Amino acid sequence: MSKAFYVTTPIYYVSGRPHLGSAYTTIAADVLARYHALRGERVVFATGTDEHGEKVAREAAAAGKPVQVYVDEMAQAYVDLWEQLHIRYDRFIRTSEPQHVRVVQAVFSKLLETGDIYLGEYAGWYCVPCEAHLLESEVQEGCCPDCGRAVERISQPAYFLRTSRYAQRLLDHIEANEEFILPDTRRREVIGFIRQGLQDACISRARSDWDIPVPGDDTQSVYVWFDALINYLTVAGYPDNSAQMGDTWPPDVQLMGKDILPRFHATIWPALLMALGLPLPRTLFAHGWWLADTGDKMSKSKGNFIYPQEVAEELCELSGARTAVAIDALRYFVLREVPFGLDGTFGLRTFIGRFNADLANDLGNLLNRSLPLVDRYLGGVVPEPGPGAGELADDIAAARDGVEAALAVADYRGALEAIWELLGKGNKFLDTREPWTLHRDGKMVELQAVLYDVLDVVRSVAILISPFMPVVAEDICDQLGLEPSEALQWRLVEGGKLPPGTRTRKESPIFPRVDMARMEAKLQAREAAVEKDKDEERQEATTPLLSFDEFRQMDLRVARVLSAEKIAGADKLLKLQVDAGEPTPRQLVAGIAQEFSVDELVGKLVVVITNLQPAKIRGVESNGMVLAAGAEKALALLTVDRDCPVGTRIR
């Protein structure tokens, strides 16, 4: 059996609802999978969800749900969205499934035996939200370089993968195989990362009930990132199907966001494969991010995620397009707007503008002009090509070759530009040959040749765009009177393959134009409403003036932190016991767990307000408040500039 084309996305962490960022990678993988299937190849397209890790357990607890119930719901959210986005995968893998757990433990056991995994001591920085161990040089003012949140200093026994053993071999492979890491900017970034010194990777942590246990050691769990990377092997049938893995392995293209390339996919992953004696993937492609229209990276903390369903609904409302067509338009936009590999800024105005210009004007225009002409002059029947037909055959072949060359290196924009160049020639051909004039002058042979050539371009474009816009491609076939399952085959992207005698169907335009003035009025009204809400919030936030007597009513005192512990199910809260110079310690609840570690708080002098009414927070009583600087999160705790007795009043 010939090897399948094996394409993967990263598996998505189930700590939040799927959004445009995760959809972007999966749409790109779907296009490659559909393209290779269209060429008659066997395809394995794998995607899925990453379901282990401390962060997932915390999210489940915060939602008040058992972890398995929580991850089942989150995984289903991805399955549902992929269906809505016309994504046709072959395998949806979940890391909580028993088969994957077994594969992870088999890999771990094998590398323990070979000495590529060893038990050591990890001491360093750890980011809980990213589930990432960080080097000292990567920590930026006590914060994670990726998410910007506070990191924790931890020291504990842990297992390590001897990544350093394979550093030079990996570097040699990258430098000898330019297509191994794309685009080239990311390739150079990874080379620089390795040359700084590739350290052995920590691949376990203290045992938790949710993570995969380290085989033979009930004190440790497999680190979530090591577990997640192995999913690609699970899909290929490792280790049970090792003898037959060659019909799938190695992956041809592995797609991912640029943030998870250097530390994980381009170093730990290939080192792991080298240790197992398995071939490396042909290409790792790291794409850029879609940014919010403010230019900010999408994040949960900023609440600025873009959701594909909402964008499609907006287009449907503005244009009257079918939902399936709006989804295809979004698939087209994200792969056409910016080169795959660079960051892009998503704005509704830009999206609608390209919908009108590229889809309604260029593609829709050629279809909507040619079909009525065939209906009017030829009774709605595709004519025999006859003498003079085939003038656009070379242009069809050039578009096909351009798409093939572009998709060989995941250049989606280049592929779509090649298709749109063909559309441009088809529209120009219709304008210059003027079939209406040929009909007036009675030149029926020439008229038939011109209309056949134009419809042949439309048919070829339907095949070329089908990996990008599968529903639109089928709609075009329907209007041409063709059966999509028969017409949409790559070998038919050739001039002269439109069957004469086919009866066309004149239907409503696939891409109804958006009234830009109406859209602009709607957006301006929405922006004005948002600005009004912000003004009201600013007015509400205006700090009222206090009288001196009112200030004196606040009992502010110096206190020493005696102990601190995290509150179960609340990743931001700590329960503190403080000595404020009173007969017994005072208990406080403070939302500073993500900014300050327990170790750095104990013994610290802080300023507290002691005469607040008691409050219960997550079931824990709080008798006062620790004062901190920072509007949205604690940047620093208020303290005193010299040692003074606890209980000293602030005045």
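The values are calculated or read from the model by the stated rules, or taken from the named source; none is laboratory data. Just so we're clear, the structure is a prediction, and the values are computed from it rather than from any experiment. Cβ placement follows ideal geometry from the backbone for every residue including glycine, while neighbour counts extend to all protein chains displayed. With ligands, DNA and RNA removed, areas are computed over all heavy atoms of the protein, side chains included. Shrake-Rupley method; radii C 1.70, N 1.55, O 1.52, S 1.80 Å.
Pairs meeting the criteria (first residue in the stretch 514-532 and under 16 Å from E314 (Cβ atoms), second residue assigned to a helix (DSSP H, G or I), beta carbons under 6 Å, at least 6 apart or on different chains) are V514/L318; V514/S319; V514/I352; V514/N356; M519/L318; M519/I352.
For R58, the conditions (1) assigned to a helix (DSSP H, G or I); (2) within 16 Å of the chain's Cα centre (by Cα) all hold with the exception of (2).
No other residue among M444, M469 is touching a residue at least 24 places away in the same chain (Cβ under 8 Å) and either closer than 30 Å to L335 by Cα or touching a helix residue (DSSP H, G or I) at 6+ places or on another chain (Cβ under 9 Å) (or both) apart from M469.
Residues are listed down the side, and each one gets a yes or a no for (1) over 30 Å from V472 (Cβ atoms); (2) in contact (Cβ under 8 Å) with a residue 60 or more places away in the chain:
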{"site": "L20", "(1), (2)": "no, yes"}
{"site": "R34", "(1), (2)": "no, yes"}
{"site": "R58", "(1), (2)": "yes, yes"}
{"site": "V71", "(1), (2)": "yes, no"}
{"site": "M74", "(1), (2)": "yes, yes"}
{"site": "D90", "(1), (2)": "no, no"}
{"site": "V101", "(1), (2)": "yes, yes"}
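For the stretch 574-595, a residue qualifies if it is open to solvent by less than 30 Å² (accessible area, probe 1.4 Å) and within 42 Å of the chain's Cα centre (by Cα), and the qualifying residues are L574, L576, L588, V589, A590, I592, A593. Among the residues of the stretch 271-319, those that are within 26 Å of E189 (Cβ to Cβ), without any contact (Cβ under 8 Å) to a residue 40 or more places away in the chain and among the charged types (D, E, K, R) comprise D296, K297, K302.
Of the set (1) open to solvent by less than 10 Å² (accessible area, probe 1.4 Å); (2) farther than 30 Å from E404 by Cα, all apply to L32 but (2).
Condition test on A397, is it over 24 Å from A23 (Cα atoms), open to solvent by 10 Å² or more (accessible area, probe 1.4 Å) and assigned to a helix (DSSP H, G or I)? Yes; evaluated as a whole, the condition is true for this residue. Inside the stretch 553-565, can you point out the residues that are closer than 14 Å to E600 by Cα and open to solvent by 50 Å² or more (accessible area, probe 1.4 Å)? Within the stretch 553-565, R560, L562, E565 meet the criteria. Within the stretch 373-389, being under 20 Å from C477 (Cα atoms) and either open to solvent by 20 Å² or more (accessible area, probe 1.4 Å) or in contact with a strand residue (DSSP E or B) (Cβ under 7 Å, 6 or more places away or on another chain) (or both) holds for D375, R376, L378, G379, G380, V381, E384, P385. A count restricted to the stretch 463-497 and to residues that are over 33 Å from the mean Cα position of the chain (by Cα) and open to solvent by less than 10 Å² (accessible area, probe 1.4 Å) stands at 2. Against the test of being over 23 Å from the mean Cα position of the chain (by Cα), open to solvent by 40 Å² or more (accessible area, probe 1.4 Å) and at positive phi, the options E136, E121, E141, E113 yield a single qualifying residue, E141.
Scanning the stretch 76-87 for residues being open to solvent by 60 Å² or more (accessible area, probe 1.4 Å) and touching a residue at least 60 places away in the same chain (Cβ under 8 Å) gives a total of 1.
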